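Below is one structure, written out as C-alpha cells; comments come after it.
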Amino acid sequence: MSTPASAATTPAATSTPVVKVSGLDVDFAVDDVWTPAVKKLSYEIRSGEVLALVGESGSGKSVSSMSILGLLPRNARVDGSIEFNGKELLGLRSAQLREYRGKEIAVIFQEPMTALNPVFTVGSQIVETLRIHYGISPSEAKDRAIELLTLVEMPDPQKAFDSYPHQLSGGQRQRAMIAQSISCDPKLLIADEPTTALDVTVQAEILDLIRDLAGKLGSAVLLITHDMGVVADLADRIVVMQQGVAVETGSVRDVFAGPKHEYTRTLLDAVPRLGQAGDTVIDLTETLESVVESDAPVHVGAEPALHTDVVATLGPAVLEFSNVVIEYPGRGRVKAFRAIDGVDLSVHEGEVVGLVGESGSGKSTLGRAAIGLLPITSGGLEVTGVDLSKPTRSLVRKVHQNAGIVFQDPSSSLNPRMTIGQSIGEPLLLAKGMKGRELEREVESLLEAVRLPTSYSTRFPHELSGGQKQRIGIARALALRPKLLIADEPTSALDVSVQATVLELLKDLQREFRFACLFVTHDLAVIDVLADRIAVLHHGHLAEVGTRDQILRDPQDPYTQRLIAAVPLPDPDVQRERRELRRQILAAGSDE
C-alpha cells in the first residue's frame, strides 16, 4: 500500500461533488419523543471548494456534519442521503465507516486539547494514524509526520513531534491536529469551529493554512462556524442554518452583498465591525495601506507608544496601576514567571478602557489584580481610593464594596445550586445585610436593568441560555452599584447575535450607572463598540495606549498593526484586499 500523495501534488478539479447531502433529517429521542435537529438539508461540495455551514448554537450545523461519519449518539435517527464520491454512506455499519474516517474524511475539531490524547506525544499520534491506514514502517511514518508538521508551518517540527499537547500553545495544538487530519490526504476535510478558541492573529494564520491546504491537496472543505468574518475570509459558498433548516444558500459574495433571508441579515448586522462603532467610521484598509507605505520608524521596545494625552480631560482615576510587576512564583527548578512587567495604566470615572492582547499577554492577570484576586509583586495599585499595593483581607473586602467583575464563562461563575435571585442578592446580603422584601425589590430592579423578567429570580442557572446567564453575571456584578467594573472576556463564549445584545446592554448600563470599566478582551472589534481608550498589552508590557481613533487610525507599534491586520471583516472583497496587506505587513516585520 502506497504512502499519501506529496503535498505538492494538486489533484485535477472535477465537476462531480466530493460530498452530496440530500434531504438530510436528523432527530433525537428525548423522553421517548423524536425531536428534530436538522430538517431536509441539502448541499454539495466539490474538490478544492470551501462550503461554510453558518448558524448559531442549536442551528444543527455540527449535528449535520457529524452525521456524515456516523458520529452521532445512539438516540439519533438519520434519514435522507449522504453520498461520498458517488457512494452512499447512510446505512453503512460502523466497521464500514471506519474505512472512511481519517483516511477519506477527516475532522478538525474546535478544541484540540480534547481531540488530542494528552498522554501521547503529538508525533506518536500522527504516526499511529499513518500506520493504521497505510501499514508503513515506524521510520517512514515518522519522516512523513515531520513533513506534515512542516507543511502546517509548525515553528519547530522536530520539537513539536516530541512534545505532548499541553507543551504546545493553542495555535500550535491546532496546527498539530490539522497535520494529523491531513495525514492521509483526505478528500473531505470537516473544520468544526476551527478558530473559535484562538487569538485573532493565530486565527488568521490557521485560516491562511486551511485555504492553502485546500488548494494544495484539492480537498473539499466543510467549514462549520458562527463567525461571519471567518466565512468572508475563507469560504466560497455558504449555507445559513436556523433551527435545523437551511434558510439561505449561495456564493459568499452574493449572500454578503444581498442577503435575502431576515435571519442572514440579522447575523450580518450583529457582527462587530472593527472601525464602524464610533462617531466616525474608520477605513481599516486605508489604515493598513498607510502602514505598508510608511517609511517612518515604528515604535519598538518596552516603553508603550503613547498618543496625545487625553487623560487630563477625564475625571478622577478609579483604577491606577503604577509601574506594576506581577510574578507567578517558581517551584523547584521552574523559575518565577513575570506575567506583568512595569505597567502604568489608569481608568477614570465614567470611562471604558479596553485592555487588548492575545492569550498569555497578561491581560486577565492585570484584571484580576485590579480587584485583589491576585497580589502584585511590586509597584503601586490603587482601586476606588484604596491602596492595594500590599493587599490584606480587610482591604480586599473594602474594594469589593465598590468593584465588581464579570467572568468569561457565565456557566461556571454561577452557583448551580442557587436560584438566580439568590445569586444576584448574595452580595447585597453579605455586604449590606439586606433581607426580605427589600432584597427582593433590589433583585427585581437589577433583573429589569439587565432586561430580564423579574420572574427569573426563582429559576436556576441551567434553565437559562448562555446570553441570559451572562446578563445574570452582569446584574450580580452591579448589585452594589460599583464605581469600577472589570469585564474579563464577557462575550467570547457567546453566539454573535447574543454577543451584540450583551455589548449593547453593557453600553446602556455604563451610560446609566457611569461606572468605570476595564474591559479585557482579545478582540479589537468587540472593544471598538465600547471603549473610550484602548491599551494594547503584549507579553506583559504595554505596547500602545490611545483613544479608539488613535489606535485604529494610526497604530504605532508593530504588534498593534498585526492585531488590526488580523481581524477578519464580514466582506469578502474587502477581506481579500486586507489579507494581502496583512502579508505585506508581516513580511516587512520579518525583514526588520
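Values computed for the structure shown
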item: Positions within the stretch 228-247 being buried (at least 20 other Cβ atoms within 10 Å of the Cβ) and either of a type in the set (D, E) or more than 24 Å from the chain's Cα centre (by Cα) (or both), in sequence order; result: D233, A246
item: Number of positions in the stretch 77-115 that are closer than 25 Å to T150 by Cβ and crowded, with 21+ Cβ neighbours inside 10 Å; result: 5
item: Complete set of residues in the stretch 527-543 that are charged (D, E, K, R), over 25 Å from D208 (Cβ atoms) and crowded, with 22+ Cβ neighbours inside 10 Å; result: R533
item: Search result, residues across the stretch 189-209 that are buried (at least 23 other Cβ atoms within 10 Å of the Cβ) and touching a strand residue (DSSP E or B) at 6+ places or on another chain (Cβ under 7 Å); result: L189, I190, A191, P194
item: Condition check for L569: surrounded by fewer than 24 Cβ atoms within 10 Å (Cβ to Cβ), of a type outside the set (V, I, T) and assigned to a helix (DSSP H, G or I); result: no
item: Complete set of residues in the stretch 48-71 that are of a type in the set (S, T, N, Q) and open to solvent by less than 30 Å² (accessible area, probe 1.4 Å); result: S59, S64, S65, S67
item: Helices (runs of 4 or more DSSP H) within the stretch 359-439 that include 3 or more residues within 22 Å of F515 (Cβ to Cβ); result: 363-369, 393-400, 420-432
item: Subset of the stretch 127-141 (residues that are within 33 Å of the chain's Cα centre (by Cα) and either closer than 27 Å to D208 by Cβ or among the aromatic types (F, W, Y) (or both)); result: V127, T129, L130
item: Among (1) free of Cβ contacts under 8 Å to residues at least 24 places away in the same chain; (2) in contact with a Gly (Cβ under 8 Å, 6 or more places away or on another chain); (3) open to solvent by less than 60 Å² (accessible area, probe 1.4 Å), the one test that S457 misses; result: (1)
item: Unique match (being free of Cβ contacts under 8 Å to residues at least 12 places away in the same chain and surrounded by fewer than 22 Cβ atoms within 10 Å (Cβ to Cβ)) among R553, R579, R583; result: R583
item: Near pairs, Cβ below 9 angstrom, 6+ apart or cross-chain, from the stretch 241-262 (over 15 Å from V38 (Cβ atoms)) to any residue that is outside any helix (DSSP H, G or I) and open to solvent by 90 Å² or more (accessible area, probe 1.4 Å); result: E248/K260; G250/K260
item: Qualifying residue in the stretch 191-202 (condition: assigned to a helix (DSSP H, G or I), modelled with pLDDT under 90, in contact with a Leu (Cβ under 7 Å, 6 or more places away or on another chain) and at negative phi); result: yes
item: Only listed residue being open to solvent by less than 70 Å² (accessible area, probe 1.4 Å) and of a type outside the set (A, V, I, L, M), chosen from E444, E438; result: E444
item: Test: residue in the stretch 213-221 that is buried (at least 24 other Cβ atoms within 10 Å of the Cβ), in contact (Cβ under 8 Å) with a residue 24 or more places away in the chain and hydroxyl-bearing (S, T, Y); result: yes
item: Search result, residues across the stretch 408-454 that are more than 30 Å from V526 (Cβ to Cβ), in contact with a helix residue (DSSP H, G or I) (Cβ under 9 Å, 6 or more places away or on another chain) and of a type in the set (G, A, S); result: A431
item: Candidates G278, G250, G218, filtered to the one that is modelled with pLDDT of 95 or more and among the small types (G, A, S); result: G250
item: Filtered residues of the stretch 164-186 (kept if surrounded by fewer than 18 Cβ atoms within 10 Å (Cβ to Cβ) and modelled with pLDDT of 85 or more); result: Y164, H166, Q167
item: In the stretch 137-163, the residues that are open to solvent by less than 10 Å² (accessible area, probe 1.4 Å) and in a helix (DSSP H, G or I); result: A141, A145, L148, L149, A160
item: Any pair with Cβ under 6 angstrom, 6 or more apart, that starts in the stretch 16-33 at a residue that is farther than 12 Å from I82 by Cβ and ends at one that is open to solvent by 40 Å² or more (accessible area, probe 1.4 Å) and in a loop (DSSP other than H, G, I, E, B); result: F28/N75; A29/N75
item: Residue in the stretch 256-270 that is closer than 28 Å to G170 by Cβ, open to solvent by 40 Å² or more (accessible area, probe 1.4 Å), more than 22 Å from the chain's Cα centre (by Cα) and at pLDDT below 95 present; result: no
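This table checks each residue for (1) modelled with pLDDT of 95 or more; (2) part of a loop (DSSP other than H, G, I, E, B); (3) touching a Ser or Thr at 6+ places or on another chain (Cβ under 8 Å).
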| site | (1), (2), (3) |
| --- | --- |
| T10 | no, yes, no |
| T16 | no, yes, no |
| V21 | yes, no, yes |
| V26 | yes, no, yes |
| A29 | no, no, yes |
| W34 | no, no, no |
| S47 | no, yes, yes |
| L51 | yes, no, no |
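The values are calculated or read from the model by the stated rules, or taken from the named source; none is laboratory data. The structure presented is a predicted model; accordingly, all values stated were derived computationally and were not measured. Don't worry about glycine lacking a Cβ; one is built from the backbone with ideal geometry, like all the others, and counts go over all protein chains shown. Quick note on the areas: whole protein, heavy atoms, side chains included, nothing else; ligands and nucleic acids left out. Shrake-Rupley method; radii C 1.70, N 1.55, O 1.52, S 1.80 Å.
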